[in-house]
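The values are calculated or read from the model by the stated rules, or taken from the named source; none is laboratory data. Keep in mind that this is a model prediction, so the values were computed, not measured. Cβ: placed from backbone, ideal geometry, glycine included. Neighbour counts: every protein chain shown.
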Amino acid sequence: MTRLVVFSNRVPLGDKPSGGLVVALNDTMASQGGLWIGTETVKERSGNGPEALINHPGATFERLAMGLTPKEHAGYYLGYSNSVLWPLFHGRADLLSVSVGQFTTYKSVNSRLAELSAPHLRPDDTIWIHDYHLIPLAHELRKLGVRNPIGFFLHIPFPVANGIRALSDNAEFLEWFSAYDLVGLQTQRDVANFIGAFRTLGRAELLSDGRLRFNNGFIQVASFPIGIDATGFRKAAEEAPELPEITTSAQKVMIGVDRLDYSKGLPHRLRGFQAFLRDRHVEADRIAFLQIAPPTREDVQAYKDIRRDLEQLSGEVNGEFGDIGYMPVQYIHRSIPRERLAGLFRRADIALVTPLNDGMNLVAKEYVAAQDEADPGVLILSRFAGAAEQLAEGALLINPYDAASIAGGITRAVTMPLEERRTRHAAMWGEIARHDIDWWTATFLQSLARAAASRRTSETF
Ligand code: ADQ
């Protein structure tokens, strides 16, 4: 069996990792072993002696990290990755913040990571690179003579051609993808955008076998919707400790769990809830909305702005509809342990997952997995979440830009008969259990092995 080498921006270091990508891959690595390489910010790099990756022993797999100086962290992570690629890939060119030096730092961090990692690679390794921070990495590894199968998976949406056009160096950017044997995206929509962008901007040709002929090579692209540890999460929810009453007088509980990110549509969600409350006789059916939104990337201005907007709006809604013993919005600005999260999902009658754009959204899948199938809750889901492609049959799909659409979804959810809730839940659970995290890993790696083998064959002729 070949060894799996995973690259991602961060390496999981704690016992209980959180965050979409790391949670998803940690179990696979813990059970099958391998090598995980990433980056971490250090105060200063030691100037003497050859620079080395930092070893983090203590896991069932090997963990290595490259130290980033605060300046590199600013240019590569906060800068190009999260102030250029993240907003662009989520369709928010208006939030783009381009500054001198970011692009160069992004490339130099990737090339140094390649240089420091190459000596750790063995000829029979399978390499799997994750996410937008590391797009040029395969190109850099190939320059160093690495011939192993290399796959890439993008966890966030792939934008339409105009999104890529807003990258000043888009020709070089497209070129990076040709170093991979396989490019994996979350949804069919992303694959269509990818092909469209390469045809429009790179004069690529779509071949009948699905590959793209681009410059002098080929790109194999396909969708692999990421899953969760479905049975594990369900079990955690079943075994979760009793929760204290969420609020005193609310009859129904609605939950939202998101990193505090502008792509998650949190202010729009509150406007939707406000519209619902305005339309109804609140006394008749009091609903408590619990929003858990831990901070991220707080050094980026757009994230400071979203935090301020959200705090203001929840105050506004509570001021308008709150009463003694009833606060419609409870807003918690921190991370909570996964077991407790699983218990909260199970307790909640409704989940509001309303991103303006999202690669997949694992919260939607976790909420469904946590339900009691005898009396399941209702998932209200944005049509812009990647998960909507798989969960359309069971979720209430809404338009997150339209407060009336969200309000309508809440009304339907509150009044939905038990039979309908069960039918919808069963459809979603079937999909989530079938296409779980093990399915995702296995399917991607099998496709990568096939793609790499056929590329080698065509190279021989
Ligand atoms: P994220 O944008 O981080 O992931 P998501 O898919 O929802 O979004 O994953 C977040 C994870 O963190 C979930 O497992 C959730 O339970 C957990 N989490 C969130 N808030 C938490 C809190 N307060 N306390 C504890 N845990 C919390 C990126 C992409 C997504 C894609 C994933 C995986 O943006 O679109 O689904 O990667 O590919």
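Name, by its number, the condition in (1) out of contact with any helix residue (DSSP H, G or I) (no Cβ under 7 Å at 6 or more places or on another chain); (2) within 16 Å of A230 (Cα to Cα) that does not hold for S405.
(2)
Of these, S314, S382, which one is among the polar types (S, T, N, Q), under 15 Å from A288 (Cβ atoms) and either more than 8 Å from the ligand (Cβ to nearest atom) or at pLDDT below 95 (or both)?
Details: S382 fails: under 15 Å from A288 (Cβ atoms).
Every option except S314 fails the conditions.
What are the residues in segment 122-147 that are of a type outside the set (D, E, K, R), away from the ligand (no atom under 16 Å from the Cβ) and crowded, with 20+ Cβ neighbours inside 10 Å, if any?
Within segment 122-147, the subset of a type outside the set (D, E, K, R) is 123, 126-130, 132-139, 141, 144-146.
Checking which are away from the ligand (no atom under 16 Å from the Cβ) leaves us with 123, 126-127, 136-139, 141, 144-146.
Across segment 122-147, the qualifying residues are T126, I127, P136, L137, A138, H139, L141.
Within segment 150-169, restricting attention to residues that are away from the ligand (no atom under 16 Å from the Cβ) and in a helix (DSSP H, G or I), which residue is farthest from V98 (Cα to Cα)? So that I can check it myself, show each step before the final result.
Quick first cut of segment 150-169, residues away from the ligand (no atom under 16 Å from the Cβ) only: 150, 160-162, 164-169.
If we keep only those that are in a helix (DSSP H, G or I) too, we end up with 161-162, 164-165.
Working: A161: 19, N162: 17, I164: 14, R165: 14 Å.
So, considering only residues that are away from the ligand (no atom under 16 Å from the Cβ) and in a helix (DSSP H, G or I), the one farthest from V98 (Cα to Cα) is A161.
Restricting the search to segment 450-461, which residues are surrounded by fewer than 16 Cβ atoms within 10 Å (Cβ to Cβ) and hydrophobic (A, V, I, L, M, F, W, C)? Give the derivation first.
Quick first cut of segment 450-461, residues surrounded by fewer than 16 Cβ atoms within 10 Å (Cβ to Cβ) only: 450, 453-454, 456-461.
Listed by number, the residues that qualify are A453, F461.
Just checking, how many residues over segment 210-243 are among the acidic types (D, E) and either within 17 Å of G151 (Cβ to Cβ) or outside any loop (DSSP other than H, G, I, E, B) (or both)?
Looking only at segment 210-243, we keep the residues that are among the acidic types (D, E), and these are 229, 238-239, 242.
Going one step further and asking which of them are either within 17 Å of G151 (Cβ to Cβ) or outside any loop (DSSP other than H, G, I, E, B) (or both), we end up with 238.
Selection size over segment 210-243: 1.
All but one of (1) more than 16 Å from the ligand (Cβ to nearest atom); (2) in a strand (DSSP E or B) hold for P119; state the number of the condition that does not hold.
Answer for P119: the failing condition is (2).
Taking V100 and the conditions (1) away from the ligand (no atom under 16 Å from the Cβ); (2) within 24 Å of R259 (Cβ to Cβ), which numbered condition does it fall short on, given that it satisfies the others?
(2)
For segment 260-280, which residues satisfy the criterion of being assigned to a helix (DSSP H, G or I), hydrophobic (A, V, I, L, M, F, W, C) and within 16 Å of the ligand (Cβ to nearest atom)? If you could, list the steps in order and put the result at the bottom.
If we filter segment 260-280 for residues that are assigned to a helix (DSSP H, G or I), which is where we start, we get 262-264, 266-279.
Keeping just the survivors that are hydrophobic (A, V, I, L, M, F, W, C) gives 266, 270, 273, 275-277.
Of everything in segment 260-280, just one residue is assigned to a helix (DSSP H, G or I), hydrophobic (A, V, I, L, M, F, W, C) and within 16 Å of the ligand (Cβ to nearest atom), namely L266.
Is there any pair linking a residue in segment 173-189 that is of a type in the set (F, W, Y) to one that is part of a helix (DSSP H, G or I) and away from the ligand (no atom under 16 Å from the Cβ), with Cβ under 6 Å and at least six apart or on different chains, and which?
W176/H139; Y180/A138
Could you grab me the full set of residues in segment 332-370 that are of a type in the set (D, E) and either modelled with pLDDT of 95 or more or within 7 Å of the ligand (Cβ to nearest atom) (or both)? Break it down stepwise before answering.
So the first thing to find is which residues in segment 332-370 are of a type in the set (D, E), and the list is 339, 349, 358, 366.
D349, D358, E366 - these are the residues of segment 332-370 that are of a type in the set (D, E) and either modelled with pLDDT of 95 or more or within 7 Å of the ligand (Cβ to nearest atom) (or both).
If you take the residues in segment 187-204 that are basic (K, R) and assigned to a helix (DSSP H, G or I), which one is surrounded by the most Cβ atoms within 10 Å (Cβ to Cβ)?
Looking only at segment 187-204, we keep the residues that are basic (K, R), and these are 189, 199, 203.
Checking which are assigned to a helix (DSSP H, G or I) leaves us with 189, 199.
Values: R189: 17, R199: 15.
Among those that are basic (K, R) and assigned to a helix (DSSP H, G or I), it is R189.
Which one is surrounded by the most Cβ atoms within 10 Å (Cβ to Cβ) among residues in segment 410-435 that are closer than 18 Å to R280 by Cβ and either touching a residue at least 40 places away in the same chain (Cβ under 8 Å) or among the polar types (S, T, N, Q) (or both)? Quick ask: steps written out before the conclusion?
Narrowing segment 410-435 to residues closer than 18 Å to R280 by Cβ: 410-416.
If we keep only those that are either touching a residue at least 40 places away in the same chain (Cβ under 8 Å) or among the polar types (S, T, N, Q) (or both) as well, we get 410-411, 413-415.
On the way: I410: 26, T411: 15, A413: 22, V414: 17, T415: 10.
Ranking the qualifying residues of segment 410-435, first place goes to I410.
Is there any pair linking a residue in segment 1-25 that is at pLDDT 80 or above and in a strand (DSSP E or B) to one that is among the hydrophobic types (A, V, I, L, M, F, W, C) and within 12 Å of the ligand (Cβ to nearest atom), with Cβ under 7 Å and at least six apart or on different chains, and which?
V6/L25
Identify the residue in segment 41-58 that is buried (at least 16 other Cβ atoms within 10 Å of the Cβ) and farther than 16 Å from E115 by Cα and, among all such residues, is modelled with the lowest pLDDT. Step through it out loud before you land on a result.
At the first step, the residues of segment 41-58 found to be buried (at least 16 other Cβ atoms within 10 Å of the Cβ) are 42, 53, 56.
Remaining after also requiring farther than 16 Å from E115 by Cα: 42, 56.
Details: V42: 87, H56: 94.
The residue in question is V42.
Might you let me know whether segment 88-104 holds any residue that is of a type in the set (S, T, N, Q), within 21 Å of the chain's Cα centre (by Cα) and at pLDDT 95 or above? Walk me through how you get there before you give the answer.
Restricting attention to segment 88-104, the residues satisfying the condition of being of a type in the set (S, T, N, Q) are 97, 99, 102, 104.
Then drop every residue that is not within 21 Å of the chain's Cα centre (by Cα), which leaves none.
Checked segment 88-104: no residue is of a type in the set (S, T, N, Q), within 21 Å of the chain's Cα centre (by Cα) and at pLDDT 95 or above.
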